[in-house]
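*Asks:* Handing you a structure now.
The values are calculated or read from the model by the stated rules, or taken from the named source; none is laboratory data. Please read all numbers here as calculations on a predicted model, not as lab measurements. Ideal geometry is used to build each Cβ from the backbone, glycine not excepted, and the neighbour counts take in all protein chains shown. Each accessible area value is taken on the protein alone, full model and side chains, heavy atoms only, with ligands, DNA and RNA left out. Shrake-Rupley method; radii C 1.70, N 1.55, O 1.52, S 1.80 Å.
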Amino acid sequence: MARYSSFLAALSLAAPIALMAAPSLAAGPKQGPALEAAFDAQISAKDQLEWLKRMSAEPNHVGAPHNKANAEATLALFKAWGWDARIERFDVLYPTPLSTVLEMITPEKVNLGGQEPTIPQDSSSAVIANALPPYVAFQGDGDVTADLVYVNFGLPADYEALARRGISVKGKIVIARYGGGWRGLKPKLAQEQGAIGCLIYSDPAQDGFAVGDPYPKGGTRPPTGVQRGSVVDLVVAPGDPLTPGIGATEGAPRLTREAATTIMKIPTLPISYGDATKLLSQIGGRRAPANFRGALPFTYHLGGNGAVKVHLVVKSEWTQKPIYNVIATLKGAKHPDQWIVRGNHHDGWVFGAQDPLSGNVAMLSEAKAMGALLKTGWRPDRTIIYASWDAEEPGLIGSTEWAEAHADELKVKALIYINTDGNGRGFLSAQGSHDYQHMVSEAARTVIDPQTGRNVLERLQKGIQADAFAGGSFPAELLAGAEAGGDLRMGPLGSGSDYSGFLQHLGLPALNIGFGGEDQSDGVYHSIYDSYHHYTTFDDPGLVYGTVLSKTVGRLVLRMADADTPPQRFSDFAVTVAGYLGEVKKLAADRRAGDEKRQKLTEAGAFALASDPLDPVAAPPAVEPTPHIELAVLEDAVDRLGISAAAYDKAYAANGASLAPAAREKLNALLATVDQLLIDSRGLPGRPWFQNLIYAPGRFTGYGAKTLPGVREAIEERRFADAAEYARRTASVINAYAARLDQARAVLQ
């Protein structure tokens, strides 16, 4: 207990001293480049290193004493810097393992699993008294024994490949490798296929010795490293499984665990590739197809022939746990009821130095710098809210519960949500709502990359061009933008971090910003080795890119807070949506052509003739042919959006700077909720929580985004009536968006 108290005291006492020692900024700048320069001067890598070392000193999972201590220390820092701060608690279901057993019982008995061992070079890896063993949250408890079947990534195409080889997983335990799609899909699809248990391992082809030297010599995953995680059905709904759609506050109605649809049904464990080697090297059976093969040093087989039997037991403690969101506010001087919300989470699976604390300490730097600006007399025009979320790792719980609990107020007041998560050395990464693409690009042009001396946008663009020349694959529009030297072409947001509740449920615009590509954090992702030593050795030595992240996001927050009108450029959004529609049309045409070819090859006996008699593979299953989907109504809406967006942007460029105060107030009111018009309250098929008809996580990608998801996924999954229906629904929200832009243009003219 004394350790946590001294940690809190050390962090809270450090803040006033640092502020008093800062250079005098009396009567300092109030806006623009001078303000941003004053902000930059307060960003300190030394601060970030100190915070990171303390915050990653002990395990930080939900319910861990050190995780709560971090929340309390963060609260003290915000208050010391002049923010109005509080902890907002929610009580959520969070299972923790009571016992886990994994043993191979055939052809020999071998005990597997258990806690990862200490690495002598990494002192953090010995501080595991409060650490939970490797597990995945929201799996289904059970005690099962069965044959083992290797299912590659465990995605729909993999099960089709198994079926074509006559292999069923019904009544079996499956072993899948990480990658290809969201972790939670692996047990979900396995149980749908009739499996009674699931193991997930990290193949060295993805993040181990095939990529680089394993830790501690290098930064990639060692043979003992295990990727923990959540397998809650995130693509149906994030957040507390017992309170879908509402905040998990005291007295909130709750489902029973049995009625919660996002909890898995079969026992599941993650394992190391060291343990996976002991199983897969003896599994036997049919030889795996080429795309099933990883980097382990033997021939991959599919199993299911009784050669390897496994005993798997998982028993968990299923109770509600308190979580602690730290919410800090700087009230706006002119527009206190217009909010800029910015967040990063603080909980981890073990120490969490890279994920999430590298982003969390960058956020703290921003907050400290704004606190220093307050002492000069600066006040933001709009209210700024900073949030350090809890319980992101088990299912985006802290941010989702806060968004659901404050939904009505957020829809009225919040203009944008800006997110970060883990950070690393390398290139700028930005995804989000495309009406803010130009704002992100403009900010990135004023932040200098510390390794090259050029701005971070230019470095990214040149990096894309060089990588493409060397054979890298990029979307055509991304490469074209880089070659033109224009704005960043942002990617869309799927899921996997705290923006989801804001963007995809409430319809608020959102951005996700980070740096990386030259770090090696994938090698210790969600393992005991995601430590201060690993991070400062292999991911961002000196936290140089932590300061770059602070400067980049700080600019976005300051510019949003003080802009006369939020700097949206709607033609970027319109062009992006038109590109998404082009992709959907091509998808439908390609599927139709592929279905016709499949039918012709089947009729000609091509698959039977191509099959090796000694390793037979059946023809692909027959499918309902893809029809011509009626997309005209969606095409018309996208065309209208393009015209309306271009007209608005032209009018604002001509008249925006000279607007009278009353006209500007009217314009800002019209634009404040424009992105919320992309919401359909009926949601997406089978997952009504996801209501944004432009951006959503894919049902079979999870983290990866699906754009125009109601139409695109319906075509992919051969739900052709849904495709036509969601073409109409998506057209309706786009038309509403265009109509709002027309109203805004009328104010300008």
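*Asks:* If you filter the stretch 42-117 for trypsin sites (Lys or Arg not before Pro), then keep DSSP loop positions with at most 10 other Cβ within 10 Å, what is left?
*Replies:* Working: sites: Lys46, Lys53, Arg54, Lys68, Lys79, Arg86, Arg89, Lys109; in loops: Lys109.
Taking the stretch 42-117 and a limit of 10 other Cβ atoms within 10 Å, the loop trypsin sites (Lys or Arg not before Pro) found are Lys109.
*Asks:* What does the helix-only formula give at 222 nm for the chain: each DSSP H stretch with n ≥ 4 adding -39500 (n - 2.57), the total divided by the residues, and the result rounded to the nearest 500 deg cm²/dmol?
*Replies:* On the way: 21 runs with 280 residues, N = 749.
Value at 222 nm, helices only, nearest 500: -12000 deg cm²/dmol.
*Asks:* Hey, got a sec? Which trypsin sites (Lys or Arg not before Pro) in the stretch 365-455 land in a DSSP loop and have at most 15 other Cβ atoms within 10 Å? Display every interim value, and only then the final one.
*Replies:* Details: sites: Lys368, Lys375, Arg382, Lys411, Lys413, Arg425, Arg445, Arg454; in loops: Lys375, Arg425, Arg445, Arg454.
Sites meeting the loop and neighbour criteria: Arg445, Arg454.
*Asks:* Under 8 Å for C-alpha pairs, at least 6 residues apart: give me the relative contact order for the stretch 513-630, rounded to a whole percent. Before the final figure, lay out the partial values.
*Replies:* Values: 43 pairs, mean separation 20.5, N = 118.
The value is 17 percent.
*Asks:* Not counting ligands, DNA or RNA, and with a 1.4 Å probe, what is Thr452's accessible surface area in Å² rounded to the nearest 10?
*Replies:* 70 Å²
*Asks:* Relative to the Cα centre, what is the charge dipole magnitude of the chain, using +1 at the beta carbon of each Lys and Arg, -1 at the beta carbon of each Asp and Glu, and rounding to the nearest 20 debye? Write out the running numbers ahead of the final one.
*Replies:* Numbers: 72 positive and 81 negative charges, 44 e Å.
Computed charge dipole of the chain: roughly 220 debye.
*Asks:* For the stretch 629-690, state which trypsin sites (Lys or Arg not before Pro) are in a DSSP loop and have at most 15 other beta carbons lying within 10 Å of their beta carbon. Walk me through the numbers on the way to the answer.
*Replies:* Numbers: sites: Arg640, Lys650, Arg664, Lys666, Arg682; in loops: Arg682.
Answer in residue order: Arg682.
*Asks:* With all protein chains present and a 1.4 Å probe, how do Arg687, Arg257 order by accessible area, largest first? Numbers along the way, then the final one.
*Replies:* Working: Arg687 5, Arg257 95 Å².
Listed by decreasing accessible area, they come as Arg257, Arg687.
*Asks:* Collect residues whose amide H, placed 1.01 Å from N in the peptide plane, falls under 5 Å from the amide H of Lys321; neighbours closer than 5 in sequence don't count.
*Replies:* HN-HN under 5 Å from Lys321: Val92, Leu93, Tyr94.
*Asks:* While we're here: For the pair Thr118 and Ala622, what calculated FRET efficiency results from E = 1/(1 + (r/R0)^6), where r is the Cβ-Cβ distance and R0 = 51 Å, to the nearest 0.05? Walk me through the numbers before you get to the answer.
*Replies:* Details: r = 55 Å, r/R0 = 1.07.
So the FRET efficiency works out to roughly 0.40.
*Asks:* Roughly what would the spin-label model give for Asn655 and Glu192, points 7 Å off Cα along C-beta, in nm?
*Replies:* 5.2 nm
*Asks:* Using θ = phi - 60° and the Karplus form 6.51 cos²θ - 1.76 cosθ + 1.60, what ³J(HN,Hα) does each residue of the stretch 491-499 get, whole Hz, x for Gly and Pro?
*Replies:* x, x, 9, x, 8, x, 8, 7, 6
*Asks:* Which residues' amide hydrogens lie under 5 Å from the amide hydrogen of Trp339, considering only partners 5 or more residues apart or on another chain, with H built in the peptide plane?
*Replies:* Ala414, Leu415
*Asks:* Using +1 on the beta carbon of Lys and Arg, -1 on that of Asp and Glu, and nothing else charged, what's the dipole of the stretch 230-348 about the Cα centre, debye to 20?
*Replies:* Values: 13 positive and 8 negative charges, 92 e Å.
Computed charge dipole of the stretch 230-348: roughly 440 debye.
*Asks:* Among 502-509, 462-469, how do they line up from the highest to the lowest mean number of other beta-carbon atoms within 10 Å? It would help to have the intermediate numbers written out before the result.
*Replies:* Values: 502-509: 25.6, 462-469: 14.9.
The densest-packed peptide leads the list: 502-509, 462-469.
*Asks:* For mean projected area of the Cα convex hull in nm², several values are listed as [x] 43.5; [y] 38.1; [z] 31.8; flag the one computed from this structure.
*Replies:* Checked against the structure: label [z].
*Asks:* On to the next question. Spelling out what I want: for every residue of the stretch 110-123, take phi, set θ = phi - 60°, compute 6.51 cos²θ - 1.76 cosθ + 1.60 (Karplus), and round to whole Hz; glycine and proline get x.
*Replies:* 9, 7, 10, x, x, 5, 5, x, 5, 9, x, 6, 10, 5
*Asks:* Any idea which of Ser658, Thr626, Pro616 is furthest toward the positive side of the dipole for the stretch 586-679, if Lys and Arg beta-carbons carry +1 and Asp and Glu beta-carbons -1?
*Replies:* So the residue furthest toward the plus end is Ser658.
*Asks:* Next up: Apply the a/c threshold of 1.5 to the C-alpha gyration tensor of the stretch 507-634 and tell me whether it is rounded, prolate or oblate. It would help to have the intermediate numbers written out before the result.
*Replies:* Working: a/c = 5.06, a/b = 1.54, b/c = 3.27.
Oblate, because a/c is 1.5 or more while a/b does not exceed b/c.
*Asks:* Related question: At what distance in angstrom do the alpha carbon centres of the stretch 109-165 and the stretch 42-72 lie from each other?
*Replies:* 28 Å
*Asks:* Calculate how many DSSP beta bridges within the chain are antiparallel, expressed in % of all such bridges and rounded to the nearest 5. Numbers along the way, then the final one.
*Replies:* Working: 51 of 83 bridges.
Bridges in the chain are about 60 percent antiparallel.
*Asks:* Please tell me which of these pairs span more than 24 angstrom C-alpha to C-alpha: Lys411/Lys666; Lys186/Lys315; Lys368/Lys462?
*Replies:* Details: Lys411/Lys666 17 Å; Lys186/Lys315 19 Å; Lys368/Lys462 33 Å.
Pairs exceeding the cut-off: Lys368/Lys462.
*Asks:* Same structure, new question: Might you work out the accessible area of His526 for me, using a 1.4 Å probe with all protein chains in place, and round it to the nearest 10 Å²?
*Replies:* We get 10 Å² for His526.
*Asks:* Here's something else I'd like to know. Output ³J(HN,Hα) for the stretch 626-639: one whole-Hz value per residue in order, computed from phi by the Karplus curve 6.51 cos²θ - 1.76 cosθ + 1.60 with θ = phi - 60°, and x for Gly and Pro.
*Replies:* These are the phi-based 3J(HN,Hα) values: 6, x, 6, 7, 6, 10, 4, 5, 6, 4, 4, 5, 5, 4 Hz.
*Asks:* Once the piece of chain linking Lys585 and Ala646 is laid out straight, how much longer is it, given 0.36 nm per residue of separation minus the C-alpha distance between them?
*Replies:* Numbers: separation 61, 0.36 × 61 = 21.96 nm, distance 2.33 nm.
Stretched out fully, the Lys585 to Ala646 stretch lengthens by 19.6 nm.
*Asks:* Given +1 on the Cβ of Lys and Arg, -1 on the Cβ of Asp and Glu, and no further charges, what dipole in debye does the stretch 513-583 carry about its Cα centre, rounded to the nearest 20? Present the calculation step by step, with values, prior to reporting the outcome.
*Replies:* Values: 4 positive and 10 negative charges, 66 e Å.
In debye, rounded to 20, the stretch 513-583 gives about 320.
*Asks:* Can you tell me the relative contact order of the stretch 584-735? Whole percent, Cα pairs under 8 Å, sequence separation 6 or more. Before the final figure, lay out the partial values.
*Replies:* Working: 139 pairs, mean separation 39.3, N = 152.
It rounds to 26 percent for the stretch 584-735.
*Asks:* Given a 1.4 Å probe and every protein chain left where it sits, what share in percent of the accessible area of the chain is carbon and sulfur?
*Replies:* On the way: 14910 of 27170 Å².
Carbon and sulfur: 55 percent of the exposed surface of the chain.
*Asks:* Could you state the accessible area per residue of the chain in Å², with a 1.4 Å probe and every protein chain left in place? Mind dumping the intermediate values first?
*Replies:* Details: 27170 Å² over 749 residues.
Each residue of the chain exposes 36 Å² on average to a 1.4 Å probe.
*Asks:* Further question on the same structure: Along the charge dipole of the chain, pointing to its positive end and built from +1/-1 on Cβ of Lys, Arg, Asp and Glu, which listed residue (Thr602, Met370, Leu543) has its Cα farthest out?
*Replies:* My answer, from the dipole projection, is Met370.
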